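Report on the structure given below.
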């Protein structure tokens, strides 16, 4: 595909030879001749002169670059769009595989693809253009919208509701039982029925091996546009807000509420029954034990303001020397006090 054609598809401004043939896209350090790369962060600009790529996506004004360039208001986004020009994931043909089971009362929309060893339960409703890869299981009474994509071993449990354009990667469990038990007088545990479904709104993607638990009562909800990484635990009765980003190995205890545009970095722990307000950013390995204000940036365990946390960790390695100094001063004060009493 010629560079000028890519520029037209992306709506980018071409600078340089538009007849260059582009065969693929790659990161700056790994790109080969004939490939398109991108520069999203200006601090990496010195690396441009070392790239072997034939062309680059950059933000305006673009500057004096040694290779042909496409000027884009959002180079990273347009790089993602350019990837789609060269790679499309396989899309199975519509139809129900002979080795799949679809209950007689289930309703499947047109152009759906149901792979081998898929099980679709009674009274399930699935919209148009769904793709269910092998070994996907949809329990009784689940309702799923259009353009649903479920990879192998994904599970949607009973009576859960899933919106349009939702993607579940391998091994995702939607609506597994919440962790709820009542303690008997003799110390044993009585399982509490988890009656509340999970609701997944439109345009949500959930990565591999993540669990979103159903609620004891009420519901667990993941709102529109949220993106949840692999190995995340969303506990019962939680709310994940619009356009949230939740990174890998994060855990939300029951009844956590995340408002819109919240970002939780990797290995964040949320203790539950609290609210992380809109626009907050929680840095990696933080422990959240209370509400987080809107727009706050917090870090540490227990988490507090990230700028204060940075000062604290800078001081932490100096604590032994500071302790030694304090003990020395304390000793001198004690000696002065003794001399004053003589």
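Name every residue in region 1-23 that is at positive phi and part of a strand (DSSP E or B), in order of residue number.
Hits for region 1-23: nothing passes.
Among the residues of region 155-193, count how many are touching a residue at least 12 places away in the same chain (Cβ under 8 Å), in contact with a strand residue (DSSP E or B) (Cβ under 8 Å, 6 or more places away or on another chain) and assigned to a loop (DSSP other than H, G, I, E, B).
13
If the requirement is being modelled with pLDDT under 95, within 26 Å of residue 167 (Cβ to Cβ) and either touching a helix residue (DSSP H, G or I) at 6+ places or on another chain (Cβ under 7 Å) or surrounded by fewer than 12 Cβ atoms within 10 Å (Cβ to Cβ) (or both), which of these qualifies: 46, 61, 66, 89?
When all the criteria are applied, what remains is 89.
Step by step: first the residues of region 30-43, then only those that are farther than 21 Å from residue 13 by Cβ and touching a strand residue (DSSP E or B) at 6+ places or on another chain (Cβ under 9 Å), then the one that is surrounded by the fewest Cβ atoms within 10 Å (Cβ to Cβ). Which residue is that? Don't jump to the end; show me each part of the working.
So the first thing to find is which residues in region 30-43 are farther than 21 Å from residue 13 by Cβ, and the list is 30, 32-34, 43.
Still in the running and touching a strand residue (DSSP E or B) at 6+ places or on another chain (Cβ under 9 Å): 30, 32, 34.
Details: 30: 11, 32: 13, 34: 15.
For region 30-43, the residue satisfying everything is 30.
So, in region 212-243, exactly how many residues are within 18 Å of residue 271 (Cα to Cα) and either free of Cβ contacts under 8 Å to residues at least 12 places away in the same chain or part of a loop (DSSP other than H, G, I, E, B) (or both)?
Within region 212-243, residues that are within 18 Å of residue 271 (Cα to Cα) and either free of Cβ contacts under 8 Å to residues at least 12 places away in the same chain or part of a loop (DSSP other than H, G, I, E, B) (or both) number 9.
Quick one: in region 143-154, of everything that is closer than 17 Å to residue 109 by Cα and free of Cβ contacts under 8 Å to residues at least 24 places away in the same chain, which residue is surrounded by the most Cβ atoms within 10 Å (Cβ to Cβ)?
150
The values are calculated or read from the model by the stated rules, or taken from the named source; none is laboratory data. These numbers were taken from a predicted model, which means no experiment stands behind them. Note that each Cβ is placed from the backbone with ideal geometry, even for glycine, and that neighbours are counted across all protein chains shown.
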